[in-house]
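Down below is the structure, laid out as structure tokens.
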Amino acid sequence: MSFLYFLINGISLGSIYAIIALGYTMVYGISKMLNFAHGDVIMVGAYICFFSLTRFNLPPLVAVAAAMLVCMVLGMTIEKLAYKPLRQATSLAVLITAIGVSYLLQNLALLLFSPNVKVFPSIVGNGKISMGDIVVSHVTIVTIIVCIVIMVGMTLFTGRTKIGKAMRACSEDKAAAQLMGINVDATISVTFIIGSGLAAIAGVLLCSTYPTLVPTTGSMPGIKAFTAAVFGGIGSIPGAFLGGLLLGIIEIFAKAYISTQISDAIVFAVLIIVLLVKPTGLLGKKTREKV
Amino acid sequence: MGKTIRNSRTRTVNFITYALVIIAYIILQSMVSSGNIKSVLKGMLVPICAYIVMAVSLNLTVGVLGELSLGHAGFMSVGAFTGVTAAMAMFYGIPGVAPWLRLLVGMVTGAVFAAVAGLLIGIPVLRLRGDYLAIVTLAFGEIIKSLINNLYVGFDSKGFHLSMLEDKTNLLEGGKLIIGGPMGIGGIKKISNLTAGFILVMITLIVVFHIMNSRSGRAIMAIRDNRIAAESVGINVTKYKLTVFTISAALAGAAGALFAMNYSTIVANKFDFNTSILVLVFVVLGGLSNMLGSVIAAAALTILPEALRQFSEYRMLVYAIVLILVMLATNNPALRALIDKLKPGRKNEEKEG
């Protein structure tokens, strides 16, 4: 059990957090709301993938695509039905609605999929490769690669494409964006769709690494990824990446070198300390207050 | 002119709140003493009181001070565990102490320890705003849960023994392990009762109303409405924010102790993020800064899942749908306008304001 082994596992876990955090951060950036239902979209994605693999014997890539498709539709529906009517409401009202949606998804899953623990089959098999004296599973490597691809893809998407630019414009100033001819409602919908699609991927990767699937699977990773997003500076895409990775590494190291039981306490304590030093997260923008 | 109208209205609302709580207590207490009450409802009386106190105290932070807190259950947890420990140590250490005295000591101990925790968590509040503050309170709640899950406290003739992670308390003969890590506290004497809950609710309401209608309360609301303007007229933001966090935490701590002593066992996982959220739902549905609303929402929503028992496995689903629909309905602009039209008094106030 070497340092390098823990580091690789930490990066892998961090990659999953980073992908979830990306969804949080994008949605927060554009609609200034904490989407507490995001963690449950992860769970839904994992269940869809699970049933596609075991019940319908679909090939892994098709199963992941199916999970993404279902989650994207789900994300769009949630946004249209629950969040859109509250555009003008206080952020607290939206927060409570998001919590309601989260309860709804968890309890629907409880009824539809039963509370029994499902053992998730890894999408890339259980193979392992040895590099020198350490053994790393395929899932770990695939997770890290997928995360890098998504991060590069999202950075290019928001920087280069028309929709990506529209998303950035909306997060900066919705009224001005609308005056420039951007369809704000459609842009927000697209953001939710992308975020939910990413959540599905994160769900599959999460359950491939930690194969127990229950209706509350998404809650804790959701909260952790949310902290990761804040850690890196909420609203910032590189921030989500950095925050997620650091959180994963800290968690694995805390488990390995200090104590498994209080690793969560250590993760959250580090978060508080970082926020005390940098109140808007690691890469968050400092906003000047105007009087 | 506007001031006197608002004052008299505040006084009426406060009066209604007190009256409602007292009447509810008298009715329920007479039902309990005549044995004319369903056992399900009887078991829920103390939790309802505890949740009312939680909701009103959280409303002080979220509604009156305007800072979102997602870790209110953390204070409840601190209060529950320290309070029960104190009460149990008293039971073993001093034979023959009256139960009400143990309950009182437990609740006061819980309040004091939770107040210290509130002060500690209040310090980062001074640097952080909005969602960043919310996340710190969330993190705090999780830290408390994680620490108590690994805390071992024993009591013997030499006093208290503490250890973390594993049981290293090495108690003397006749010593008792009180907090047993993930097992929590077992063998609690159920000494909470409706009267204690009622008194705590009344104290909470008196404290919160007095703050709201005092000079400090107006300062706190000024900070909420415009921090920069409040600072520029010489209001000490640091002092008031810390005060609110400490008082709110102390009340939650007392509620935690009351709540815990209604059950024979209590574990740290009971006071998790979901509990914090539950209380926040009471506050938002009851209305920000509206203490009467918090009281009603806390009582109604604690009973609701039980009342939905006929839906059996669908009850949490129904609860979730009710929650979403209520939020959508109360924030519907057309409905809002209709409600405002039905309340002629509010319009006048806006004109004067």
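In table form, for the structure just shown:
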{"read-out": "Scan of region A:9-40 for residues that are open to solvent by less than 10 Å² (accessible area, probe 1.4 Å) and among the polar types (S, T, N, Q), ordered by number", "value": "A:SER12, A:SER15, A:THR25"}
{"read-out": "Residues that are polar (S, T, N, Q) and buried (at least 19 other Cβ atoms within 10 Å of the Cβ), drawn from region B:290-330", "value": "B:SER294, B:THR302"}
{"read-out": "Residue list for region A:98-142, filter: closer than 23 Å to A:PRO215 by Cβ, more than 14 Å from every other protein chain (Cβ to nearest Cβ) and not in a loop (DSSP other than H, G, I, E, B)", "value": "A:LYS118, A:VAL119, A:VAL139"}
{"read-out": "Tally of residues being within 22 Å of B:ILE123 (Cα to Cα), over 13 Å from the mean Cα position of the chain (by Cα) and open to solvent by 20 Å² or more (accessible area, probe 1.4 Å) across region B:231-271", "value": "10"}
{"read-out": "Verdict on B:LEU70 being crowded, with 21+ Cβ neighbours inside 10 Å, within 23 Å of A:TYR28 (Cα to Cα) and among the aliphatic types (A, V, I, L, M)", "value": "yes"}
{"read-out": "Helices (runs of 4 or more DSSP H) lying entirely in region B:208-274 (those with 3 or more residues that are without any contact (Cβ under 8 Å) to a residue 60 or more places away in the chain and among the aliphatic types (A, V, I, L, M))", "value": "B:227-232"}
{"read-out": "Where A:LEU213 falls short, out of the listed (1) touching a Lys or Arg at 6+ places or on another chain (Cβ under 7 Å); (2) open to solvent by 10 Å² or more (accessible area, probe 1.4 Å)", "value": "(2)"}
{"read-out": "Region B:278-306 residues that are more than 13 Å from chain A (Cβ to nearest Cβ), paired with ones that are outside any helix (DSSP H, G or I) (beta carbon under 9 Å, 6 or more apart)", "value": "B:GLY293/B:GLY287; B:SER294/B:GLY287"}
{"read-out": "Long-range neighbours under 6 Å by Cβ, at least six apart or interchain, first residue assigned to a loop (DSSP other than H, G, I, E, B) within region A:262-281, second open to solvent by 40 Å² or more (accessible area, probe 1.4 Å)", "value": "A:PRO279/B:ARG127; A:THR280/A:LYS286"}
{"read-out": "Some residue of region A:76-96 being touching a residue at least 24 places away in the same chain (Cβ under 8 Å), open to solvent by 40 Å² or more (accessible area, probe 1.4 Å) and more than 13 Å from every other protein chain (Cβ to nearest Cβ)", "value": "yes"}
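Residues checked against (1) closer than 23 Å to B:LEU126 by Cβ; (2) over 17 Å from the mean Cα position of the chain (by Cα); (3) surrounded by fewer than 24 Cβ atoms within 10 Å (Cβ to Cβ):
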position	(1), (2), (3)
A:LYS224	no, no, no
A:VAL230	yes, no, no
A:ILE234	yes, no, no
A:GLY239	no, no, no
A:LEU247	no, no, no
A:THR260	no, yes, yes
A:ASP264	no, yes, yes
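The values are calculated or read from the model by the stated rules, or taken from the named source; none is laboratory data. Worth saying up front: this structure is predicted, and the values here are computed from it rather than measured. Note that each Cβ is placed from the backbone with ideal geometry, even for glycine, and that neighbours are counted across all protein chains shown. Surface accessibility is based on the protein's heavy atoms, side chains included, excluding ligands, DNA and RNA. Shrake-Rupley method; radii C 1.70, N 1.55, O 1.52, S 1.80 Å.
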